[in-house]
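Values in this text are rule-based calculations from the coordinates and carry no lab data. Just so we're clear, the structure is a prediction, and the values are computed from it rather than from any experiment. Quick reminder, even Gly has a Cβ in these numbers, built from the backbone with ideal geometry, and neighbours come from all protein chains shown.
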Amino acid sequence: MNREVRLIQGNEAIAEGAIYAGARFYAGYPITPSSEIMNECARLMPKVGGVFVQMEDEIGSIAAVVGASLAGAKALTATSGPGFSLMQENLGLAVMGEVPCVVINVQRNGPSTGLATKPGQADIMQIRWGRHGDQSVIALSPATVAECFTLTVQAFNFAEKFRVPVVLAADEVVAHARQNFAMPAAGEIPIVERKHPTGPPEKYRPFDADDDGVAPMAAFGDAYIFHISSSMHGPDGYSNNNPENANWRINQLHRKIEMHRDEIVLTKEYDTDEMDVLFVAYGATTGASRAAALEARKNGIKAGVLQLITIWPFPDREVAELAKRVKKVVVTEMNYAGQVAGEVRKVLGPDVQLEKVNKYNGQIITPQNILKAL
Amino acid sequence: MQTTGREYLKDGVLPHMWCAGCGIGVMLNALLRSFAELGYSKNEVVVVTGIGCTGKTDDYLTTNALHTTHGRALAFATGIKAFRPELKVVALMGDGDSVTIGGNHFIHAARRNIDLTAIVINNFNFGMTGGQASGTTPSEKISSTTLYGNPERDFDVSALACAAGASYVARSTPAHAWELTQHIKAALTKKGFSLVEVFSPCPTNYGKNNQMADPLQMLRWLKEKGVSREEYAQLKEPEKDGYFEIGTFCDRDIPDFNTRYEEIRARALNA
């Protein structure tokens, strides 16, 4: 297969990956360090028959993305900390209305404006819990330029398959890294399309889930007329204040992800066959953890690396399984509290030691920083 | 031929939830009649609502509908229309939705000239939450949050939309139901951003707080004080006080966003 090899930036790879996945709608608002995604989508969307709209703010951006998705588009927006905060309420609507969409959050240092051009990984809990009320989303985290492309495609595939917003939890390091990337040929990566209704239009109910937990989704303008509501609603999409219905709805929003958990949770292992120490990493800290593990092995410490590709739902079983075989787990991340380390701690046995390597000053974590924890 | 628009009204939903004397029902009637008179199919219509009394309107409709978050109806509607230009997109909002929390989306939707119709029920206060002041509560008026008089000024919603670049703007009231329907039809068929502002009675809150608790009293006020723009222009300054203009504020032909974007696409393909 002929593949074009390009020296490409992570943000560019995300934009290219979105187009490859079939995205034909982008709405956004400029913000460092995600802006190149927007610039690329502004350039590419009109060329592929798509639509690009520069909105008045991030609240409007995610709203327009949801609107376009309901009109049948694969749609995305990209942002960073402050913009991601602004998107939370309408992202909640996407959860409630089961509207597929992809939000790229190129994480930067915070809080507030923080170090606007420097990396961070402190939005992990916000991605999971940033919206009010019970809800569930999927989040993936790329560690390389290649993964910026492939995981954007994966994000769209999950969004479309499960009718759920998917957050690509990138960071400034990977977003601005430039690496050689062999562009996949058309058809090389499978592309998932949302399930469309096939029954009689008068019987269509937009929240009537099939056995796989996902209801077929029509597009505005099709033969199927439908209602989508931010308010609690019944299977037909109209308001419904019945407590039993509310139970069913909230269970449904979680169930469709829980029942496909094994398909959604993606991890990668490096040198985990025989090890004493497990490094857990995601995004920008993956490369440093791999380098640190190789260095440790030179010094006689058998270290392996577990890269979390899926952050939410959390790969608890994968972590627990590997952690059984070691005495020490080292979790490396660019935030103060150890947002992922806390999740790892929940699944460790009582005699496994947890070391946290955290840096939150806008500087990247080096292999040397990690080796000090051994 | 009688065209009441009954087919766009969901079975079994009446009586509606709005208070006696509220103007939203009259607006809904005018909107559904407009759909019928224009021959719109339920499939091609998408009604987008926000939050508040007006935001409940989607529950009564058989067309496509999207009930959104407070203030953001126009941004959701923008995404729908930008991706699927053949759809007839209508955003129904109150004054809280449109120009208080959602003011940014309002002016930018008008500036962008996205081809959809915004209908703003302006009842001069937040009705659903108990009569608090909004961006359209007139100066000195009483509300739950301006118990001693409103220290702020009100937006002229129609003038704001014209200034922001809308293609068509009109104001009417439920006391002028026929004219209201004509304005809604004109707005729906206008290419570009269109606004119909509906000065509307809220006897339960705004009326009660401002010596117009009787629904009829509020309707009478709208009927008597709403004068054509020509009549209004001839009133002398002290007489103007208390009167307001109804009718068409602007009606102009400007290329809408989707038309312009088609040109951009052609240019991008050749770039």
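Rg over Rh of chain A, using C-alpha atoms and the Kirkwood radius, what does it come to?
0.98
What is the calculated FRET efficiency for B:ASN270 to A:GLN179, with r their C-beta to C-beta distance and R₀ = 30 Å, to the nearest 0.05?
My answer for the efficiency is 0.40.
Is the range A:272-353 best put as rounded, prolate or oblate by its Cα gyration tensor, with a ≥ b ≥ c the root eigenvalues, rounded for a/c under 1.5, and otherwise prolate when a/b is larger than b/c, oblate when not?
Since a/c reaches 1.5 but b/c is at least a/b, the shape of the range A:272-353 is classed as oblate.
With N set to the number of residues, divide the alpha-carbon radius of gyration of the range A:80-184 by 2.2 N^0.38 Å and report two decimals.
1.07
Near A:LYS161, which aspartates and glutamates are there with a Cα under 18 Å away, not counting those fewer than 8 places off in the same chain?
A:GLU98, A:GLU193, A:ASP208, A:ASP210, A:ASP211, A:ASP212, A:GLU258, A:ASP262, A:GLU263
With everything on Cα atoms, drop me the angle between helix A:58-70 and the longest principal axis of chain A, reported from 0 to 90° to the nearest 10.
Approximately 60 degrees, to the nearest 10.
Mind pulling the angle between the C-alpha long axis of helix B:215-225 and the longest principal axis of chain B? Nearest 10 degrees, somewhere in 0 to 90.
Tilt relative to chain B: about 70 degrees.
Order these peptides, A:235-245, A:212-222, B:80-90, by their mean beta-carbon neighbour count within 10 angstrom, highest first.
B:80-90, A:212-222, A:235-245
If I stretch the segment between A:ASP316 and A:LYS298 completely, what's the gain in nm (0.36 nm per residue apart, minus their alpha carbon distance), one decimal?
Extending this stretch completely gives an extra 3.5 nm.
Could you tell me the center-to-center distance, by alpha carbons, between the range A:17-93 and the range A:118-196 in angstrom?
13 Å
For peptide A:265-273, how many partner chain Cβ atoms fall within 10 Å of a residue's Cβ, on average?
Average neighbour count from other chains, rounded to a whole number: 0.
In peptide B:112-119, what is the residue-averaged number of other protein chain Cβ atoms found within 10 Å of each Cβ?
The mean count of partner-chain Cβ atoms within 10 Å per residue comes to 1.
Which of A:ASN90, A:ASN247, A:ASN39 moves most in a GNM of chain A, Cα contacts under 10 Å?
In the Gaussian network model the winner is A:ASN247.
Whose amide H sits under 5 Å from the amide H of A:HIS233, counting only residues 5 or more places off or on another chain, with H placed in the peptide plane?
A:ASN240
Quick one: of A:LYS256/B:LYS81; A:LYS298/A:LYS356; B:LYS42/B:LYS81; A:LYS346/A:LYS372; A:LYS47/B:LYS81, which pairs are farther than 26 Å apart, Cα to Cα?
A:LYS256/B:LYS81
Between beta-carbons, use under 13 Å as the cut-off and find the net charge around A:ILE124, counting Lys and Arg +1, Asp and Glu -1.
So the surrounding residues net to -3.
Report the calculated FRET efficiency for A:ASN242 and B:ILE254 (r = Cβ-Cβ distance, R0 = 41 Å), to the nearest 0.05.
0.30
Taking B:LYS141 as the anchor, which lysines have their alpha carbon closer than 18 Å to its alpha carbon, excluding any fewer than eight residues away along the same chain?
List returned: B:LYS208, B:LYS225, B:LYS240.
Counting only residues 5 or more places away or on other chains, whose amide H sits under 5 Å from the amide H of B:VAL45 once H atoms are built in the peptide plane?
Under 5 Å from the amide H of B:VAL45: B:ASN64, B:LYS88.
Could you give the angle, 0 to 90 degrees to the nearest 10, between helix A:81-96's Cα long axis and the longest principal axis of the Cα atoms of chain A?
Once rounded, the angle reads 50 degrees.
Residue separation times 0.36 nm, minus the C-alpha to C-alpha distance between A:LEU7 and A:MET232: what's the value?
Full extension of this stretch gives 76.2 nm more.
If you wrap a convex hull around the Cα atoms of the protein assembly as shown, how much volume per residue is inside, in Å³?
178 Å³
Pull up the DSSP beta bridges for the range A:4-183 and report the antiparallel fraction as a percent, rounded to 5.
Restricted to the range A:4-183, the bridges split so that about 25 percent are antiparallel.
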